[in-house]
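Data first, discussion second: the structure below is written as structure tokens.
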């Protein structure tokens, strides 16, 4: 049984729901928030969960195995490092850091303490991605050719009434860092590392400091070409993914917040036969999805049975991609990955 403390009861409530779907693996002991009334409401006044406002008290509790960081982005790196130094393993909401330099500090803390950090990318988990993985493992997909992603969501003024949102200091970035980061993780996870980036960003929807629109082109190390369209000015919220392989095309529905849980279409092409595709699909059992799937993979990893968990390296690559996108958009050039310390935005992309 893994004993958990959740820090932050905003998105932390959704995390709690995921833990509650796995009662044989996790026991949530604390919900920590400066607003204890909100924290109590998030737990539905569960008497088994202690409501506290002091992070230090949580980190000093020897019974806690896993600290789940659901705080505003500017607090992620320092709190993760403190949790590691307290001997805890850590779940951290996206983004894990505000720069590659911050991520490097986290990496150093991991190496020093031996702890594990699991970045939150729950969109990966669901039947559709299990099906696509099975098709790829069966050799039916073949070479990846092109892919596209749409993160077309709607965020208006009430969303930015939360003081830290829409600012470089508080949110640390815009639609690329807080919204499209999920689609970009999915593409990287399926198609492999990114090799080159070209991008445009703009603020066209809301009166905020950070970007709310972007057009991004990627070349993966495999040679696959990817396009990503991002806006927070769409109606309604939709997310779409389409991946074209040598042997089949995989196309999602439009579910904005759980793409792996929707119905995908897998269509054979070339030498691949549709009946072979359908046979593989029929044999895939539905796994835990969303946060439950994400957390179940963490429990496996902490039991020395890993392989499906989101790794710290996945989180680092997500920050590297954001760094490359901002660099390309601001300097008007094609950016090569990996990003080295010599790049101007390695230590942060927030304007002076």
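The values are calculated or read from the model by the stated rules, or taken from the named source; none is laboratory data. None of these values were measured; they are calculated from a predicted model. Every residue, glycine among them, receives a Cβ derived from its backbone with ideal geometry; neighbour counts consider all protein chains shown.
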**OP:** Determine if region 280-295 includes at least one residue that is in contact with a strand residue (DSSP E or B) (Cβ under 6 Å, 6 or more places away or on another chain) and buried (at least 20 other Cβ atoms within 10 Å of the Cβ).
**Re:** no
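In region 98-105, is there at least one residue being touching a strand residue (DSSP E or B) at 6+ places or on another chain (Cβ under 7 Å) and either closer than 30 Å to residue 210 by Cβ or surrounded by 20 or more Cβ atoms within 10 Å (Cβ to Cβ) (or both)?
If we filter region 98-105 for residues that are touching a strand residue (DSSP E or B) at 6+ places or on another chain (Cβ under 7 Å), which is where we start, we get none.
No, region 98-105 contains no residue that is touching a strand residue (DSSP E or B) at 6+ places or on another chain (Cβ under 7 Å) and either closer than 30 Å to residue 210 by Cβ or surrounded by 20 or more Cβ atoms within 10 Å (Cβ to Cβ) (or both).
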Original post:
If we scan region 74-96, do we find a residue that is within 25 Å of residue 329 (Cβ to Cβ), free of Cβ contacts under 8 Å to residues at least 40 places away in the same chain and outside the structural domain of residue 270 (by TED's automatic domain parsing)?
Top reply: yes
Original post:
Quick one: would you say residue 300 is surrounded by fewer than 16 Cβ atoms within 10 Å (Cβ to Cβ), outside the structural domain of residue 133 (by TED's automatic domain parsing) and either part of a helix (DSSP H, G or I) or touching a residue at least 12 places away in the same chain (Cβ under 8 Å) (or both)?
Top reply: yes
Subject >> Residue list for region 121-176, restricted to those being touching a helix residue (DSSP H, G or I) at 6+ places or on another chain (Cβ under 7 Å), over 26 Å from residue 210 (Cβ atoms) and not in a helix (DSSP H, G or I) >> reply: 125, 126, 138, 140, 141, 144
**OP:** Select the strands (runs of 3 or more DSSP E) contained entirely in region 1-91, then report the ones holding at least 1 residues which are closer than 18 Å to residue 295 by Cβ and in contact with a helix residue (DSSP H, G or I) (Cβ under 6 Å, 6 or more places away or on another chain).
**Re:** 2-7, 26-32, 66-69
Original post:
Residues 231, 201, 227: which one is within 27 Å of residue 168 (Cβ to Cβ), in the same structural domain as residue 160 (by TED's automatic domain parsing) and touching a helix residue (DSSP H, G or I) at 6+ places or on another chain (Cβ under 6 Å)?
Top reply: 201
**OP:** Answer yes if at least one residue in region 9-20 is over 19 Å from residue 162 (Cβ atoms), out of contact with any strand residue (DSSP E or B) (no Cβ under 9 Å at 6 or more places or on another chain) and at pLDDT 95 or above, and no otherwise.
**Re:** yes
**OP:** Only residues that are more than 22 Å from residue 303 (Cβ to Cβ) and surrounded by fewer than 16 Cβ atoms within 10 Å (Cβ to Cβ): list them for region 21-45, please.
**Re:** 34, 35, 36, 37, 41, 44, 45
Subject >> Residues (farther than 25 Å from residue 138 by Cβ and free of Cβ contacts under 8 Å to residues at least 60 places away in the same chain) located in region 224-262 >> reply: 254, 255
Original post:
Is it the case that some residue within region 107-115 is over 27 Å from residue 233 (Cβ atoms) and not in a helix (DSSP H, G or I)?
Top reply: yes
Original post:
Is there any pair with a first residue in region 161-173 that is at positive phi and at pLDDT 90 or above and a second that is assigned to a loop (DSSP other than H, G, I, E, B) and loosely packed, with under 12 Cβ neighbours inside 10 Å whose Cβ atoms are under 9 Å apart and which are 6 or more apart or on different chains, and what are they?
Top reply: 166/207
Original post:
Considering only residues of region 245-255 that are surrounded by fewer than 20 Cβ atoms within 10 Å (Cβ to Cβ) and part of a loop (DSSP other than H, G, I, E, B), which is nearest to the chain's Cα centre (by Cα)?
Top reply: 255
